[in-house]
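No value in this document is a laboratory result; all are computed from the given coordinates. This is a predicted model, so every value here is computed, not measured. Cβ: placed from backbone, ideal geometry, glycine included. Neighbour counts: every protein chain shown.
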Amino acid sequence: MLDEFRTFIARGNVLDLAVAVIIGAAFATITTSLTEDVIMPIVGALFGGLDFSNYFYALGPVPAGYTGSLDNYAQLKEAGVPMIGYGQFVTVVVNFVILAFVIFLIVRAANRMIARKEAAKPSGPSEVELLAEIRDELRKRQA
């Protein structure tokens, strides 16, 4: 069983997947920072100091011993107040759109490079055409 596991892990596609997951997680951290630390503050400034992270609807009462701000989503959430945090949702959606767009650009660039590589290949007869020529030549020799 251990040998079978080693064989499984040693396959190229498993290692490629592991690398992709690690790079993807790091890339997600970068896009999260880009969204939260750069884009959303700019959007907030454009709309008069809007801070999307503090837009929410409280669905239940605030605990009796709570002493924090009633306008702070993070503090209320930590205190256990049931809420719908639509401002945080907007931030996550923007983060997703940025991540999806960047991945689209990467795939698009990769597809263009593959197309260029395919176009640069010397054009000649295909394998099927070559095999047909060999077959025809062998038939001529047998006759």
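A few comments on the model shown:
- Modelled spin-label separation between GLU4 and ILE22, with each label point placed 7 Å from Cα along the Cα-to-Cβ direction: 2.7 nm.
- Of the DSSP H helices in the chain, those whose Cα atoms cover at least 30 Å axially and whose Kyte score averages -0.5 or more: 12-33, 86-120
- Per-residue Cβ neighbour counts within 10 Å put ILE30, ILE98 in the sequence ILE30, ILE98, beginning with the fewest.
- Among PHE96, PHE27, PHE52, residue whose mean-square fluctuation peaks in a GNM of the chain (springs only between Cα atoms under 10 Å): PHE27
- The chain: most fluctuating residue of ALA28, ALA64, ALA132 per GNM, C-alpha cutoff 10 Å: ALA132
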